[in-house]
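Computed from the coordinates by the stated procedures, all read-outs in this text should not be read as laboratory data. Just so it is clear, the structure is predicted and the values come from calculations on it, not from any experiment. Reconstructed Cβ throughout: ideal geometry from the backbone, glycine too, with neighbour counts over all protein chains shown.
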Amino acid sequence: MIRAFLGLALPQAVRGALQVQQFLLPLPRKVEPENLHLTLVFLGNCPEIALEAAHEEFEALRQGRFSLALEGLGLFGKDKPRVAWAGVAASADLMHLQAKVETIARRAGCPVDARKFLPHVTLGRFPPPPPVDAMRLERAVALGQGFRTEPWEVTELTLWRSHLTGNGPQYEVLARYPLTPIASS
Ligand code: 2AM
């Protein structure tokens, strides 16, 4: 079994902007800057044969490049915050691509869970018990509502393997899938 996920790596400038937001939020456990990413589909603990089948289909995807930007901050876990995240500006291209890759992963036999896709970049996590100063956290998130990045062009998808270690997850790139350049008219 291989614990894996497909997602988007983020340009250096975007990761820099996210690090500023991490600094402004009271986060006990920040995601390491090199680990900041946008997950399209978490493939779970996937049998190797299923992952290989998904990989072949990801390679065969004919998907054009598109533009994306991050926008806003939020929390998962209402009364008991679990995760602080940066949101993604509405993108029909992203949603379309996500639906495609999720279908591929499911069809290949990866144990994809049924949760609805909520595009986000996780900035940090709150290990239990819930943060003591929830007010401060909510205020900091509210202040971050104006957060947005410049749009960037998404040029490839990345397949990562996730190794769970005592020092948090470590991500290893298994494959990259280039998106096709948009033909200029
Ligand atoms: P998260 O950042 O919101 O936690 C690797 O774990 C990536 O897959 C993370 O981006 C994580 O999202 C995402 N993911 C989605 N579902 C997951 C699950 N059930 N377990 C672990 N990670 C999951």
* Asked: What is the magnitude of the charge dipole of the chain about its Cα centre, with +1 placed on the Cβ of each Lys and Arg, -1 on the Cβ of each Asp and Glu, and no other charges, expressed in debye to the nearest 20?
  -> 560
* With springs connecting C-alpha atoms under 10 Å apart, model the chain as a Gaussian network and identify which of V121, V41, V173 has the largest mean-square fluctuation. => V173
* Two-decimal Rg/Rh across segment 72-128, once Rg and the Kirkwood Rh are taken from alpha-carbon atoms -> 1.05
* Rg ratio (alpha-carbon, reference 2.2 N^0.38 Å) - the chain -> 1.06
* **Among A99, P11, G87 the positive-end extreme of the charge dipole of segment 1-99 (Cβ point charges)** => G87
* Asked: Could you give the radius of gyration (one decimal) and Dmax (whole number) of the Cα atoms in segment 105-185, in Å?
  -> 18.2, 56
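For the chain, what proportion of DSSP beta bridges, expressed in % and rounded to the nearest 5, is antiparallel?
Counting only bridges with both partners in the chain, antiparallel ones make up about 95 percent.
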* Of L51, L143, L38, which is the most mobile in a GNM of the chain whose springs link Cα atoms less than 10 angstrom apart? -> L143
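Test of the criteria: in segment 1-81, which trypsin sites (Lys or Arg not before Pro) are in a DSSP loop and have at most 12 other Cβ atoms within 10 angstrom of their Cβ?
Answer by residue number: R62, K78.
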* **Hits among lysines - C-alpha to C-alpha of K30 under 27 Å, sequence gap 8 or more where chains match** => K78, K80, K116
* To do: Express the relative contact order of the chain as a whole percentage, based on alpha carbon pairs under 8 Å and six or more residues apart in sequence.
  => 33
